[in-house]
Amino acid sequence: MRSHRGRGRGQALVELSLALPVLIVLVAGVLEMGRGYSFAIETSDAARDAARYVAGKTATTNGPGLASMCSLVTADLAAVTSNVSCATQVNHAPPFVVTVDYAKPVAGQAVVAVYCGTTANCTGTVQTLYQSEVDVFVYYGFSDLNVLGGGITITGSSRATTAW
């Protein structure tokens, strides 16, 4: 009788030692996916806020410009990172190409790329440029501790149409 009990305990210990690493990797992967998803929401919200803000020129005033937009993006991403590289103005509509239109972000860094249609510095002019396109992309270098394959870039983007 005693020998069967000892064998059962040994078998359970072997099964646990085989299953535990797999379970730990699965739990770590789920946690990293959740973390990545929350960063994706943050970058998307920052891009949306920035596009709305920079497109907010009225008929009598110029738009806020890239420096003001950068301050808004930095404030939006404060919970994620303080390393924000703002803003690279691109002279063509998206898609933007990494290393050509903007620098690839390193882990923990956000890079902002903006297309302002025909306006320089996204300020527009007092004259009406009705429905000009403004595209804001926020790229974030997500470091996932190599659980999901290493550093990946999370992209948040938004397009706004100006009333100027």
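We did not get these values from a lab; they are worked out from the coordinates using the rules stated. Predicted model only: the values in this text are computed from it and were never measured. Backbone-built Cβ (ideal geometry, glycine too); neighbour counts: all protein chains shown.
When averaged across all projection directions, what area in nm² does the alpha-carbon convex hull of segment 29-117 cover?
The number I arrive at for segment 29-117 is 6.4 nm².
Stretch residue 19-residue 161 to full length: gain in nm at 0.36 nm per residue minus the Cα-Cα span?
45.7 nm
When 48, 35 are ordered from fewest to most other Cβ atoms inside 10 Å of their Cβ, what list results?
Exposure proxy ranking, most exposed first: 35, 48.
Report the full-extension gain for the segment residue 106 to residue 153: residue separation times 0.36 nm, less the Cα-Cα distance, to one decimal in nm.
The residue 106-residue 153 span can extend by a further 16.1 nm.
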